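The values are calculated or read from the model by the stated rules, or taken from the named source; none is laboratory data. Predicted model only: the values in this text are computed from it and were never measured. Every residue, glycine among them, receives a Cβ derived from its backbone with ideal geometry; neighbour counts consider all protein chains shown. Note: accessible area is taken over every heavy atom of the protein model, side chains too, but ligands, DNA and RNA are not part of it. Shrake-Rupley method; radii C 1.70, N 1.55, O 1.52, S 1.80 Å.
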Amino acid sequence: MVSEVKTVSGRGIPLVGNDIDTDRIIPARYLKAVTFDGLGEGAFIDDRTALKGEHPFDQPQYQGANILIVNRNFGCGSSREHAPQAIAKWGIQALIGESFAEIFFGNCVAMGIPCLTADAVTVKQVQDLVAANPQAAVTVNLETLQLQIGDYTAPVAIGEGTRSTFISGTWDACGQLVANADQVRVTAAKLPYVGWGNFAAS
């Protein structure tokens, strides 16, 4: 299936700090958006403004990076889906960190963005390696649960159930519904309380 996520390759971007919450990822004023389009421009906007170009999302060496390396309890705070959407719209396709807030993690999974964990020492090593060589190729392999940067390799972890949904492509709930639309119609037609006669015939 096209929804399979077995590896993510590209370049890394380190974001140092614990307990980075969803309000810092995308401020509440952006929740008025009707669609998620354009949210990438607002990712970490208040932190970026305060740091006057020194935030990793503004630094030229990290433009085009797609693997975000974070620390502990990333994505805590409110449950807004806008947070992973903003990160994704900026270009992030995978995250590596010490730990992730549960709802943020679930929202990322629903979007096809794996959040893998590693111990604090490994995360710091990866952040330092990427900071020292921002152009280094980074690969995260969900099949072998290995992270590779040049000659450096390290184990990463993700729950087996979540890992299997990425590898098989079944993380994509909407895609599963579309792929099995005929079965959905047949089942809906048999349910007396649904009353979707037109749906079953469409």
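Miscellaneous remarks
- Among all residues of the range 181-188, there is at least one that is aliphatic (A, V, I, L, M), farther than 26 Å from residue 67 by Cα, at pLDDT below 95 and open to solvent by less than 50 Å² (accessible area, probe 1.4 Å).
- Of all residues in the range 28-71, exactly one satisfies the criterion of being surrounded by fewer than 11 Cβ atoms within 10 Å (Cβ to Cβ), β-branched (Val, Ile, Thr) and over 25 Å from residue 5 (Cβ atoms), namely 34.
- Residue in the range 82-90 that is in a loop (DSSP other than H, G, I, E, B) and either in contact (Cβ under 8 Å) with a residue 40 or more places away in the chain or touching a helix residue (DSSP H, G or I) at 6+ places or on another chain (Cβ under 6 Å) (or both) present: no
- Any hit, the range 132-145, residues being more than 21 Å from residue 19 (Cα to Cα), open to solvent by 60 Å² or more (accessible area, probe 1.4 Å) and at pLDDT below 95: no
- Pairs with Cβ under 6 Å, 6+ apart, first in the range 155-170 and closer than 15 Å to residue 7 by Cβ, second β-branched (Val, Ile, Thr) and open to solvent by less than 40 Å² (accessible area, probe 1.4 Å): 166/5
- Matching residues in the range 165-180 - criterion: being modelled with pLDDT under 70 and either polar (S, T, N, Q) or open to solvent by 50 Å² or more (accessible area, probe 1.4 Å) (or both): 173, 174, 176, 177, 178, 179, 180
- Restricting the range 112-124 to residues that are of a type outside the set (Gly, Ala, Ser) and surrounded by 16 or more Cβ atoms within 10 Å (Cβ to Cβ), the residue that is nearest to the chain's Cα centre (by Cα): 113
- Restricting attention to the range 49-103, the residues being under 15 Å from the mean Cα position of the chain (by Cα), of a type outside the set (Phe, Trp, Tyr) and at negative phi number 30.
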